[in-house]
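Please read the structure below before turning to the comments.
The values are calculated or read from the model by the stated rules, or taken from the named source; none is laboratory data. These numbers were taken from a predicted model, which means no experiment stands behind them. Because the Cβ atoms are built from the backbone with ideal geometry, glycine has one as well, and the counts that use them run over all protein chains shown.
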Amino acid sequence: MRATILIAFSLTAACYNYEPLTTPSPEVGTFLTVTLTDAGSVELARYLGPSVIEVRGRFLGNSDQGGGLQLAVTSVELVRGDELSWQGESVALPPAAVASVQVRRFARGKSYLLAGGSVAALVVTAGTVTLVGGGSFFGIGGGGSGKK
């Protein structure tokens, strides 16, 4: 059972990079990190809270308020570095409040390295349990021959 959980975790773990947005408008559902201007942070404080510098979430489309970004917010980062979780509440970010936009992209190389390291750790752990514990990693067998 433990081996199955570890293998499943290894296969589902992934790493991401944040890259500058290179298109005029991202695809709906894309995960974005939006850095706010100082004035934008002050302007949006009543919606996001005080001292917010970055907003992370899924792009829902352009807002009705002059072509800004509509995000389902998953977290915000404060100026002092604290990160606060959100539950996907929709917030409109006007263009004047946005300093930069970054898109989250799958990092294939890092993800393969993570998965490979996890599988290697599983193999080493299984070998150690077998050598030290006298049984198998999966909890089957082990012990002696039963003869006295």
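For the reader, a short list of remarks on this structure follows.
- Which numbered condition ARG105 misses (of (1) assigned to a strand (DSSP E or B); (2) in contact (Cβ under 8 Å) with a residue 40 or more places away in the chain; (3) closer than 21 Å to ALA39 by Cβ): (3)
- Count of residues meeting criterion [part of a loop (DSSP other than H, G, I, E, B) and either touching a Pro at 6+ places or on another chain (Cβ under 6 Å) or farther than 16 Å from SER25 by Cα (or both)] in segment 80-102: 3
- Within segment 34-51, tally of residues that are under 13 Å from VAL91 (Cα atoms) and of a type in the set (Val, Ile, Thr): 1
- Hey, ASP64 among the acidic types (Asp, Glu), modelled with pLDDT of 95 or more and surrounded by fewer than 12 Cβ atoms within 10 Å (Cβ to Cβ) or not: no
- Hits in segment 43-79 (condition: part of a loop (DSSP other than H, G, I, E, B) and either under 18 Å from LEU21 (Cβ atoms) or not β-branched (Val, Ile, Thr) (or both)): LEU44, GLY49, PRO50, SER51, SER63, ASP64, GLN65, GLY66, GLY67, GLY68
- Filter pass, SER75 being farther than 17 Å from SER100 by Cα and either free of Cβ contacts under 8 Å to residues at least 24 places away in the same chain or among the β-branched types (Val, Ile, Thr) (or both): no
- The residues in segment 32-42 that are in contact with a helix residue (DSSP H, G or I) (Cβ under 7 Å, 6 or more places away or on another chain) and assigned to a strand (DSSP E or B) can be counted, and the count is 1.
- Residue match in segment 2-16 (condition: surrounded by fewer than 14 Cβ atoms within 10 Å (Cβ to Cβ), at pLDDT below 80, charged (D, E, K, R) and in a helix (DSSP H, G or I)): yes
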